[in-house]
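*Asks:* Encoded as structure tokens, here's the structure I'll be asking about.
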Amino acid sequence: LYKMKKHYTTKENLLEVCKECAKEKGINGFGMRDVAYSSGLALGTIYNYFADKESMIIETLVSIWKEFISSIPNTESFIEYLESIINIIDDIEKAYPNFIKNHPRHITDSKVEKAKELMTRELQSIKEQIINALNNDKSIRINVFNSVLTKESLARFTIKNILSAKNKEDKDVLLQIVKCAIY
């Protein structure tokens, strides 16, 4: 029997169910049947919203990233901004175990380009926010940026290294490197 829950009549509602399933089973561990069961909808109805499991996983990933990006607070300090990103990524990893490491792990070649395009768009948004944080930080040394170390290259570097950091020590080292480089 299906759980009787509130009506899930929009894709956004179903993406919330998908995120709950991802929290319980991991980003690659849930499927269309899990979403149907958790939402109380028939499996066929889920297919009206998502073409297949991979599309559902990709849209769930994007929804999680959008939630992450929208929760980054504005600050006058670039380092405080990076610390916020690190804390939020840690929160994501707690809520969605191995989210960063495992996504998008089981996406077939036919869907990889779409997944990359959507994720690139979200990462571009983070990069733009990082550049804005750099522009707003009046404590950064004058003339620190040049043709090699640009705000854009620092934004790419920090995103890449925050996402690949394995532990708190790696993240603290990254913050210290950035502090020494620009302040």
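The values are calculated or read from the model by the stated rules, or taken from the named source; none is laboratory data. A quick note: this is a predicted structure, and the numbers were derived from the prediction, not measured. Don't worry about glycine lacking a Cβ; one is built from the backbone with ideal geometry, like all the others, and counts go over all protein chains shown. The protein model used for the area step is the full one, side chains on, heavy atoms only, and it has no ligands, DNA or RNA in it. Shrake-Rupley method; radii C 1.70, N 1.55, O 1.52, S 1.80 Å.
*Asks:* Using the structure shown, decide if GLU76 is charged (D, E, K, R) and either over 30 Å from SER139 (Cα atoms) or not in a loop (DSSP other than H, G, I, E, B) (or both).
*Replies:* On the way: charged (D, E, K, R): yes; either over 30 Å from SER139 (Cα atoms) or not in a loop (DSSP other than H, G, I, E, B) (or both): no.
When the stated conditions are applied, GLU76 does not pass them.
*Asks:* Then there is this: Is there any pair linking a residue in segment 40-62 that is farther than 25 Å from ARG121 by Cα to one that is at pLDDT below 90 and not in a helix (DSSP H, G or I), with Cβ under 7 Å and at least six apart or on different chains, and which?
*Replies:* GLY40/TYR2; GLY40/LYS3; GLY40/MET4; GLY40/LYS5; LEU41/TYR8
*Asks:* Take the residues in segment 6-59 that are in a loop (DSSP other than H, G, I, E, B), over 20 Å from ILE92 (Cβ atoms) and β-branched (Val, Ile, Thr), then tell me which one is modelled with the highest pLDDT. Step through it out loud before you land on a result.
*Replies:* Narrowing segment 6-59 to residues in a loop (DSSP other than H, G, I, E, B): 6-10, 26-31, 40-42, 50-52.
Adding the requirement that they be over 20 Å from ILE92 (Cβ atoms) leaves 6-10, 31, 40-42, 50-52.
With the extra rule that they be β-branched (Val, Ile, Thr), the set shrinks to 9-10.
Numbers: THR9: 67, THR10: 85.
Going through the qualifying residues, I end up with THR10.
*Asks:* What residue, of ILE86, ILE131, ILE126, is within 15 Å of SER70 (Cβ to Cβ) and either at pLDDT 70 or above or crowded, with 16+ Cβ neighbours inside 10 Å (or both)? Walk me through how you get there before you give the answer.
*Replies:* Values: ILE86 fails: within 15 Å of SER70 (Cβ to Cβ); ILE131 fails: within 15 Å of SER70 (Cβ to Cβ).
Of ILE86, ILE131, ILE126, the one residue that is within 15 Å of SER70 (Cβ to Cβ) and either at pLDDT 70 or above or crowded, with 16+ Cβ neighbours inside 10 Å (or both) is ILE126.
*Asks:* With the requirement that a residue be open to solvent by less than 50 Å² (accessible area, probe 1.4 Å), assigned to a helix (DSSP H, G or I) and over 17 Å from THR120 (Cβ atoms), what does segment 162-183 give you?
*Replies:* If the condition is that a residue be open to solvent by less than 50 Å² (accessible area, probe 1.4 Å), assigned to a helix (DSSP H, G or I) and over 17 Å from THR120 (Cβ atoms), then LYS171, LEU174, LEU175, VAL178, ALA181, ILE182 are the ones that fit.
*Asks:* Let me ask something additional. Yes or no: segment 105-113 includes at least one residue that is modelled with pLDDT under 85, surrounded by 15 or more Cβ atoms within 10 Å (Cβ to Cβ) and farther than 17 Å from LEU175 by Cβ.
*Replies:* Looking only at segment 105-113, we keep the residues that are modelled with pLDDT under 85, and these are 105-113.
Pick out the ones that are also surrounded by 15 or more Cβ atoms within 10 Å (Cβ to Cβ) and you get 107, 111.
Checking the rest, the ones that are also farther than 17 Å from LEU175 by Cβ come to 107, 111.
Checked segment 105-113: at least one residue is modelled with pLDDT under 85, surrounded by 15 or more Cβ atoms within 10 Å (Cβ to Cβ) and farther than 17 Å from LEU175 by Cβ.
*Asks:* Which of the residues spanning segment 133-181 are free of Cβ contacts under 8 Å to residues at least 24 places away in the same chain and either in contact with a Ser or Thr (Cβ under 6 Å, 6 or more places away or on another chain) or acidic (Asp, Glu) (or both)?
*Replies:* If the condition is that a residue be free of Cβ contacts under 8 Å to residues at least 24 places away in the same chain and either in contact with a Ser or Thr (Cβ under 6 Å, 6 or more places away or on another chain) or acidic (Asp, Glu) (or both), then GLU169, ASP170, ASP172 are the ones that fit.
*Asks:* Going through ILE142, ILE162, ILE182 one at a time, which residue ends up being modelled with pLDDT under 95, touching a Leu at 6+ places or on another chain (Cβ under 9 Å) and of a type outside the set (Asp, Glu)?
*Replies:* Details: ILE142 fails: touching a Leu at 6+ places or on another chain (Cβ under 9 Å); ILE182 fails: modelled with pLDDT under 95.
The match here is ILE162.
*Asks:* For segment 134-161, what are the residues that are open to solvent by 80 Å² or more (accessible area, probe 1.4 Å), part of a helix (DSSP H, G or I) and not basic (Lys, Arg)? Show your work before the answer.
*Replies:* From segment 134-161, those open to solvent by 80 Å² or more (accessible area, probe 1.4 Å) are 138-139, 141-143, 146-148, 152, 156-157, 160; that's our starting set.
Within this subset, residues satisfying the condition of being part of a helix (DSSP H, G or I) are 152, 156-157, 160.
Scanning segment 134-161 gives GLU152, PHE157.
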